[in-house]
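Colleague: One structure is given below, represented as structure tokens, and several questions about it will come after.
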Amino acid sequence: MTETFKNFIAGDWVAPTTGAYFENRNPADWDDVIGCFPRSGPEDVALAVASAQRGFATWSRTPAPIRGEVLHRVGDLLVQRKEEIARAMTREMGKVLAETRGDVQEGIDTAHYAHTEGRRLFGRTVPSELRNKWAMSFRRPIGAAGLITPFNFPLAIPTWKMFPALLCGNAVLFKPAEDVPLTAHLLVEILLAAGLPPEVVQLVHGEGSVVGRAMVEHPEVPLISFTGSTETGSIIGTTCGRMHKRLSLEMGGKNAMLVMDDADLDLALDGALWGAFGTTGQRCTATSRLIVHERVHDRFVQMVCDRAQRLRLGPGLDDQTEVGPLINEDARTKVERYIGVGRAEGARVLIGGERPPDKRLERGWFYRPTVLGGVRPGMRVEQEEIFGPVLSVIKVGSLDEAIRVNNDVKYGLSSSLYSRDVNAAFRAMTDLDTGITYVNAPTIGAEAHLPFGGVKQTGNGHREGGWEVYDFYSETKVVYVDFSGKLQRAQIDTEV
Ligand code: UN1
């Protein structure tokens, strides 16, 4: 008997007003149905927004250190339930258990960081230009925050948004990706168990084009945070621009690893495999381009192919597995389409480029790790985000050329340099046009307490994580107190 799940709206687990549901299936075995989840409509969003406003009225007045205590308990509950959540996440999303444990850990780190921020949330007091007058700023919550999250980090990314939003005193409306509703359900259960007042969080399941859209277009949702495709981000951006909403976008990447001729190639090899094929290439930070110096190109590419060839594909719950399935049929179709595009452009499939022949895997969305050789700058497989286990290799003659190739894409999330030359490292740190650069480490693996985000079409200037995200979820209020007892005019009555 398949379990039917509900939304969490107005302090209760409730069925959608539409009466409609969708199935959530295991991407490694599509006969395994995890549950049925609400296919909600705009009416559900309207109820959620009305409730969130009530939640906001009280939560925004709860002292920030106390809000932090609730998030600390959330972190502790995540610690207690880490294994259970990781297993549920692997079953619905596909990535291997070590990775889903890491995903929960990122949520724990984000919770414990948020807890400490409750006792900081700094404002500033600065000197006034006038005598007997003080000038200061403090931070105010904003309202009901609409959070729209992707499938690839089913727990971590919602927590990146939700915990700082809550710490700052906002209420949250949570619309998780259709592929990972179970992890979202578990996260909301934990928030409630930790003592979050019920109307402060609303979970509305359903499609982005219906539920996400209703949230973005609702006049009483002043703030939206979205992680997902650049195409959807542009649509959301247009609406938020028109409606004067605060918006944080975290979108695509075409991240490169630069391997110079003095690099430690064994170290670079481990990095390339993890960066390109970890999470089956489904990270916005995934290494999807390998830019290699011509002096080590042939040798290094051979090393990568030999090892990538042997990566074990399978269900993420099996501890032998190194690479899980793609998330769904559309994702695999997209990868297959890009392999066709690459071939037509003159790239060579060095390994992979097909579904695994293994009968055991034919009921999942598996695709073999693929390396494309002979890729030239400007080809579509060099420019466009594929979001799968596909690595495009580009040969270059110098660090300058490598940096140029890296920068000549519309995205700018993450980049990596392998070299033993300290001058090269600092050149790369300075000139690579990305929000994050790794030196002697792959393009994935950002830590929760540092700002995360990219330049150019990867984002819109905001950062998640670390200290910066707290600015996004709060509004700065400035106060001047004049205790001189007379009118003092700024810029005018300023004698020495
Ligand atoms: C993403 O790919 O959407 O840095 C986020 C990393 C992870 C987060 C990735 N900590 O790879």
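The values are calculated or read from the model by the stated rules, or taken from the named source; none is laboratory data. Note that the structure is predicted; figures quoted are calculated from it, not measured. Reconstructed Cβ throughout: ideal geometry from the backbone, glycine too, with neighbour counts over all protein chains shown. Surface areas here come from the heavy atoms of the whole protein model, side chains and all, with no ligands, DNA or RNA. Shrake-Rupley method; radii C 1.70, N 1.55, O 1.52, S 1.80 Å.
Colleague: State which residue pairs qualify: first residue in the same structural domain as residue 374 (by TED's automatic domain parsing) and inside segment 339-357, second residue of a type in the set (Val, Ile, Thr) in any location, beta carbons under 6 Å apart, and separation of 6 or more residues or different chains.
Modeller: 342/381; 347/375; 347/381; 350/371; 351/371; 352/370; 353/339; 353/370
Colleague: Test residue 472 against the stated conditions and say whether it is of a type in the set (Phe, Trp, Tyr), away from the ligand (no atom under 16 Å from the Cβ) and not assigned by TED's automatic domain parsing to the domain that holds residue 112.
Modeller: Details: of a type in the set (Phe, Trp, Tyr): yes; away from the ligand (no atom under 16 Å from the Cβ): yes; not assigned by TED's automatic domain parsing to the domain that holds residue 112: no.
Against the criterion (of a type in the set (Phe, Trp, Tyr), away from the ligand (no atom under 16 Å from the Cβ) and not assigned by TED's automatic domain parsing to the domain that holds residue 112), residue 472 does not qualify.
Colleague: Is there a residue being in a strand (DSSP E or B), among the small types (Gly, Ala, Ser) and modelled with pLDDT of 95 or more anywhere in segment 127-136? Quick ask: steps written out before the conclusion?
Modeller: We begin by selecting, within segment 127-136, every residue in a strand (DSSP E or B); these are 127, 133-136.
Next, only the ones that are among the small types (Gly, Ala, Ser) stay: 135.
Now narrow it down to the ones that are modelled with pLDDT of 95 or more: 135.
Within segment 127-136 (the criterion being in a strand (DSSP E or B), among the small types (Gly, Ala, Ser) and modelled with pLDDT of 95 or more), the answer is yes, since at least one residue qualifies.
Colleague: In a loop (DSSP other than H, G, I, E, B) and touching a Pro at 6+ places or on another chain (Cβ under 9 Å): does that describe residue 169? Please lay out each step first, then the result.
Modeller: Details: in a loop (DSSP other than H, G, I, E, B): yes; touching a Pro at 6+ places or on another chain (Cβ under 9 Å): yes.
Answer is yes for this residue.
Colleague: Give the residue, chosen from 28, 111, 48, that is among the small types (Gly, Ala, Ser) and over 30 Å from residue 278 (Cβ atoms). Full working, then the answer.
Modeller: Working: 28 fails: over 30 Å from residue 278 (Cβ atoms); 111 fails: over 30 Å from residue 278 (Cβ atoms).
Going through 28, 111, 48 in turn, the sole match is 48.
Conditions tested, residue by residue: (1) more than 16 Å from the ligand (Cβ to nearest atom); (2) within 20 Å of the chain's Cα centre (by Cα); (3) surrounded by fewer than 24 Cβ atoms within 10 Å (Cβ to Cβ); (4) within 22 Å of residue 446 (Cβ to Cβ).
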site: 268; (1), (2), (3), (4): yes, no, no, yes
site: 274; (1), (2), (3), (4): no, yes, yes, yes
site: 283; (1), (2), (3), (4): no, yes, no, yes
site: 338; (1), (2), (3), (4): yes, no, yes, no
site: 341; (1), (2), (3), (4): yes, no, yes, no
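Colleague: May I pose another question? Are there any strands (runs of 3 or more DSSP E) wholly within segment 402-496 with 1 or more residues that are open to solvent by 10 Å² or more (accessible area, probe 1.4 Å), and if so which?
Modeller: On the way: elements: 414-418, 436-439, 475-482.
Because the criterion is at least 1 residues that are open to solvent by 10 Å² or more (accessible area, probe 1.4 Å), the strands (runs of 3 or more DSSP E) in segment 402-496 that meet it are 436-439, 475-482.
Colleague: Please find, among 52, 46, the residue that is surrounded by 20 or more Cβ atoms within 10 Å (Cβ to Cβ) and outside any strand (DSSP E or B). If you could, list the steps in order and put the result at the bottom.
Modeller: Details: 46 fails: surrounded by 20 or more Cβ atoms within 10 Å (Cβ to Cβ).
When all the criteria are applied, what remains is 52.
Colleague: Separate question: What is the one condition in (1) more than 14 Å from the ligand (Cβ to nearest atom); (2) open to solvent by 10 Å² or more (accessible area, probe 1.4 Å); (3) closer than 20 Å to residue 208 by Cα that residue 174 does not satisfy?
Modeller: The failed condition is (2).
Colleague: When the residues of segment 128-150 are filtered to those that are hydrophobic (A, V, I, L, M, F, W, C) and either open to solvent by 30 Å² or more (accessible area, probe 1.4 Å) or outside the structural domain of residue 184 (by TED's automatic domain parsing) (or both), which remaining residue is farthest from the ligand (Cβ to nearest atom)? Working first, answer last.
Modeller: To start, the set of residues in segment 128-150 that are hydrophobic (A, V, I, L, M, F, W, C) comprises 130, 134-136, 138, 142, 144-145, 147-148.
After this cut, where a residue has to be either open to solvent by 30 Å² or more (accessible area, probe 1.4 Å) or outside the structural domain of residue 184 (by TED's automatic domain parsing) (or both) as well, the list is 134, 136, 138, 142.
On the way: 134: 42, 136: 36, 138: 31, 142: 24 Å.
Applying the filter and picking the extreme gives 134.
Colleague: State which residue is nearest to the ligand (Cβ to nearest atom) when the search covers only segment 198-223 and only residues that are open to solvent by 20 Å² or more (accessible area, probe 1.4 Å) and assigned to a loop (DSSP other than H, G, I, E, B).
Modeller: Among residues in segment 198-223 that are open to solvent by 20 Å² or more (accessible area, probe 1.4 Å) and assigned to a loop (DSSP other than H, G, I, E, B), the one nearest to the ligand (Cβ to nearest atom) is 207.
Colleague: Next question, about the same structure. For the condition surrounded by fewer than 16 Cβ atoms within 10 Å (Cβ to Cβ) and touching a strand residue (DSSP E or B) at 6+ places or on another chain (Cβ under 7 Å), what is the one hit in 33, 79? Walk me through it before giving the result.
Modeller: Details: 79 fails: touching a strand residue (DSSP E or B) at 6+ places or on another chain (Cβ under 7 Å).
Checking each option against the conditions leaves just 33.
Colleague: Can you find a residue that is open to solvent by 10 Å² or more (accessible area, probe 1.4 Å), within 16 Å of the ligand (Cβ to nearest atom) and not β-branched (Val, Ile, Thr) anywhere in segment 115-125? If you could, list the steps in order and put the result at the bottom.
Modeller: Going through segment 115-125, the residues open to solvent by 10 Å² or more (accessible area, probe 1.4 Å) turn out to be 115-117, 119-125.
Going one step further and asking which of them are within 16 Å of the ligand (Cβ to nearest atom), we end up with none.
Within segment 115-125, none of the residues are open to solvent by 10 Å² or more (accessible area, probe 1.4 Å), within 16 Å of the ligand (Cβ to nearest atom) and not β-branched (Val, Ile, Thr).
Colleague: Test residue 13 against the stated conditions and say whether it is without any contact (Cβ under 8 Å) to a residue 12 or more places away in the chain, in the same structural domain as residue 147 (by TED's automatic domain parsing) and part of a strand (DSSP E or B). Quick ask: steps written out before the conclusion?
Modeller: Working: without any contact (Cβ under 8 Å) to a residue 12 or more places away in the chain: yes; in the same structural domain as residue 147 (by TED's automatic domain parsing): yes; part of a strand (DSSP E or B): yes.
Criteria met by residue 13.
Colleague: Do we have any residue at all in segment 82-90 that's within 16 Å of the ligand (Cβ to nearest atom), on the phi < 0 side of the Ramachandran plot and open to solvent by less than 20 Å² (accessible area, probe 1.4 Å)?
Modeller: Scanning segment 82-90 turns up at least one residue that is within 16 Å of the ligand (Cβ to nearest atom), on the phi < 0 side of the Ramachandran plot and open to solvent by less than 20 Å² (accessible area, probe 1.4 Å).
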